[in-house]
1. Taking segment 151-188, which residues are of a type in the set (Gly, Ala, Ser) and free of Cβ contacts under 8 Å to residues at least 60 places away in the same chain?
2. Checking Pro214 against (1) modelled with pLDDT of 95 or more; (2) closer than 17 Å to Gly308 by Cα; (3) in contact with a Ser or Thr (Cβ under 9 Å, 6 or more places away or on another chain), which test does it fail?
3. Out of Ala108, Ala134, Ala127, I need the residue that is under 22 Å from Ala286 (Cβ atoms) and either of a type outside the set (Gly, Ala, Ser) or crowded, with 19+ Cβ neighbours inside 10 Å (or both). Which one?
4. Just the residues that are under 16 Å from Ile266 (Cα atoms) and of a type in the set (S, T, N, Q), please, taken from segment 278-312.
5. Can you work out which of the residues in segment 288-337 that are of a type in the set (Val, Ile, Thr) and in a helix (DSSP H, G or I) is farthest from His234 (Cα to Cα)?
6. If I filter segment 217-234 down to residues being among the hydrophobic types (A, V, I, L, M, F, W, C) and part of a loop (DSSP other than H, G, I, E, B), which single residue comes out as modelled with the lowest pLDDT?
7. Go through the residues of segment 204-216 one by one and say whether even a single one is aromatic (Phe, Trp, Tyr), in contact (Cβ under 8 Å) with a residue 24 or more places away in the chain and assigned to a loop (DSSP other than H, G, I, E, B).
8. When segment 149-167 is examined, which residues are found to be among the small types (Gly, Ala, Ser) and surrounded by fewer than 23 Cβ atoms within 10 Å (Cβ to Cβ)?
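The values are calculated or read from the model by the stated rules, or taken from the named source; none is laboratory data. This is a predicted model, so every value here is computed, not measured. All Cβ positions, glycine included, derive from the backbone under ideal geometry; neighbour counts span all protein chains shown.
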Amino acid sequence: MVLFLRNHEIRGLMNMTEYIEAVEAGYREVGIGEGIGFPRESLYIEGERNLSHRAGHLPSGSKASFQFKGALLPGLGGAGLNAYTTGLPQGLETFMFLFDTDTGALAAVMEVLYWDWLKTAALSAAAIRQLAPASSTQLALFGTGRHARSQLYAVTKVCALESVKAYSRREKERHEFCERMTDELGIDVIPASSPAEALADADIVITITTSPSPVFEGASLPDKPVHINALGAHYPWVREIDEYTVLNSRVFVDEWEQGLKENGEIIIPLEAGIIDESHILGDLAALVAGKVEGRREYSKWTLFLSGGTGIEDVAVCTRIYQKAIEQGIGTEFQFNHPYEYEL
């Protein structure tokens, strides 16, 4: 039997701490060589197709695409593929296909959008646990959308935050977000009037925006140990973080090959000859498994770049599936076995 899980059924199956633990377990399995992930593949609809009737639904400069990413994590019991379309009239349409690595059978098909917010936040928290200065209490947050909200919840699970300064371009939404999060978290979430104001005194910086260009000037970063998570843009032609920050940071990515393939923060200075691949010190699997050194005692800035990988997708949805089975949630359906038919 195959289990189909909808977004509303997935809600509440796991808490944020469990999401963080699942993400760390998935990357640890890859880091010790017992699991494997493959980089995201992006197939773009180019040229005249974008000038068809669909073009009226696309933001300026965007590309319609079909994308997929996956992983094999036998220690957790799952292998899977996250497949989705973007830039077309339906908007983001995304599904996860999970296989049981003990039997090889298709175990579940599930909607992704709800748990994707929490998974992305859990990934951020996992990187902060590895790379942020000890006793970090001050956070600068760039972006005030739904992903920003889940980011704050996740960071509070790994840091004793005392205050947050949040910046986004839309003043009304920025103030509404800060009021809401102050009420929900019981800490001061303060609207910043500029990127520089948001960065003042920050121990941790998170960017979770759709901006195609750097959201702050690296020269505005505090002259002290700071960790930066850049989680929004993940296309070769865009970047949230400027070259100054990249050049002056210990740089890590979520997955090595994918980072070199799609992170504009790396690709643009690489192509300009400003850095080479040795500037990227490792990925999250190596960090979690203790294979590479993260923050050094006298490190000033560390930078983690992520667009999301199949590793955390499979790790999280395997745990979601197990929870759903335990609680009897979801709709079961069955495929007829191919050997039941004669040619």
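1. Ala160, Ser163, Ala166, Ser168, Gly186, listed by residue number.
2. (2)
3. Ala127
4. Those that are under 16 Å from Ile266 (Cα atoms) and of a type in the set (S, T, N, Q): Ser278, Thr302, Ser306.
5. Out of the qualifying residues, it is Ile325.
6. Result: Ala233.
7. Residues of segment 204-216 that are aromatic (Phe, Trp, Tyr), as a first pass: 216.
Checking which are in contact (Cβ under 8 Å) with a residue 24 or more places away in the chain leaves us with 216.
Still in the list and also assigned to a loop (DSSP other than H, G, I, E, B): 216.
Within segment 204-216, one or more residues are aromatic (Phe, Trp, Tyr), in contact (Cβ under 8 Å) with a residue 24 or more places away in the chain and assigned to a loop (DSSP other than H, G, I, E, B).
8. Across segment 149-167, the qualifying residues are Ser150, Ala160, Ser163.
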